[in-house]
Amino acid sequence: MEYIEFDELRSRMNTFGRAGCSFLWGVDYACGRCFILDSPFSSSEILWEVRGVGNYPNYKSLRSDFSEQPRLRIVSPVSLEDYAEMFSVIRKGLLRGDSFLANLTAPTEIELSGTLRNVFHYSNAPFKLLIEDEFVCFSPEPFVTIGGDRISAFPMKGTIDASIPDAARILTEDYKETCEHFTIVDLLRNDLNIVAEDVEVPRLRYLERIAADTRDILQTSSEISGRIAPAKRYDFGDIILPLLPAGSITGAPKPSTMDLIARAERRSRGWYTGVFGYFDGRLMQSAVMIRCIQRSADGKLYFHSGGGVTVNSDCREEYEELLTKIYLTK
C-alpha cells in the first residue's frame, strides 16, 4: 500500500474533484498516513463500501462462502485502574480549563474466530474499509457530505445499551450526555464556518439504533449544514482536510484538547478515528473511522473504543461505555 503526505493528499483531492473524477481517500488520526485512489473500483489492496457502493459488489451473495460469521472475544481490556489514571489526566485538564470535552480512548486486545476480511464481509454498516490484513472499519458515523453547494456534518455523541428499559428516554434526558452532544454540535458548527457560509443545524439530537452481534445500541446524532461558495465546491482537499481531526473524536476547544488527549492516552490511535471518503463525480461522502480493528506490529489484534469525558463524567460509567462499544455489527 502506497501512502502519501498530507499536503499531497490535499492537492490530489482538489485536482480529482475539479476534474469530476471518482476517487477514494483516507487519512489516519494523526494525519501522518494518507492514501488516495483514482481507480477505487479496481483496487486489490483496499476493500471499501460507502452506503452500498464499493469495489466488492457481490459480497452479500458471497457470504455463503464463509462457514461461520466471525466472532469477537475480548482477551485483555484496559483495566479499570489504568483507565482511571488516563481519566484523571483528562479530568485535571478539564478542571484547569484546557478543555470542555475530551474524547478518551483505549485499545482492547481481542481474538477473532475469522479474519479481518470476514469482518468486512459480514459487517452491516454504512461505511466499511479494509486495508489488506492490517485494519478493518465498520463505521456508523458520517463525517461530512458535500453535494452541489451544500456541506453537512453528522456528529454522533451519546450511547446506551438499547436493551436497558426505557433506554431512549434515559439517553435523551441524561444531563452529561446532553452537554457533551451540544458541545460537539457547537464545535462542528464552528468548524464548518471555516469553509462554509450560512451554517445551521437542521436536526438536533435525533436517535439512531445500531444492530450489534450481541446487542443493539442507541446513539444520538445531529445534522449541521452550510453553503459552499460555487468556485470552491469541488476543492475537497481545501474544504475537508482543515476540519481534521474530526471534532466528535477529539473535543473542544480542539487544539488544547488534542494536546490533553496526547498526554492521557498511552497508545497511538493509528487509523482509528481517522477519516475516509468516496467521491462518485457528483457527491462526496466521508466517515469517521470508529468501530475498528487494527493489527499491531507483533500481530495482535486491537479494538479501539472510547467516549467523551466532561467534568460531569463518572469514571466507571465511562469505562463501561468503552467496553460497551466493543462489538461486531450483524
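The values are calculated or read from the model by the stated rules, or taken from the named source; none is laboratory data. Everything numeric in this text was worked out from a predicted model, so none of it was measured. In this analysis, Cβ positions are derived from the backbone assuming ideal geometry, glycine residues included, and neighbour counts consider all displayed protein chains. Only protein heavy atoms, including side chains, enter the accessible area calculation; ligands, DNA and RNA are left aside. Shrake-Rupley method; radii C 1.70, N 1.55, O 1.52, S 1.80 Å.
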Output the residues belonging to segment 1-51 that are of a type in the set (S, T, N, Q) and either open to solvent by 60 Å² or more (accessible area, probe 1.4 Å) or not in a loop (DSSP other than H, G, I, E, B) (or both). S11, N14, T15, S39, S42, S44
Please enumerate the residues belonging to segment 3-35 that are free of Cβ contacts under 8 Å to residues at least 40 places away in the same chain and farther than 24 Å from V119 by Cβ. I4, E5, D7, E8, T15, A19, G32
For segment 150-204, how many residues meet the condition of being open to solvent by 10 Å² or more (accessible area, probe 1.4 Å), farther than 19 Å from L243 by Cα and in contact (Cβ under 8 Å) with a residue 12 or more places away in the chain? 16
Which condition number in (1) touching a helix residue (DSSP H, G or I) at 6+ places or on another chain (Cβ under 8 Å); (2) assigned to a helix (DSSP H, G or I); (3) among the basic types (K, R) is the one that R189 fails? (1)
Which residue is surrounded by the most Cβ atoms within 10 Å (Cβ to Cβ), if the candidates are limited to segment 123-149 and must be assigned to a loop (DSSP other than H, G, I, E, B) and within 14 Å of the chain's Cα centre (by Cα)? E141
Among (1) at pLDDT 95 or above; (2) in a helix (DSSP H, G or I); (3) of a type outside the set (G, A, S), T108 falls short only on (2)
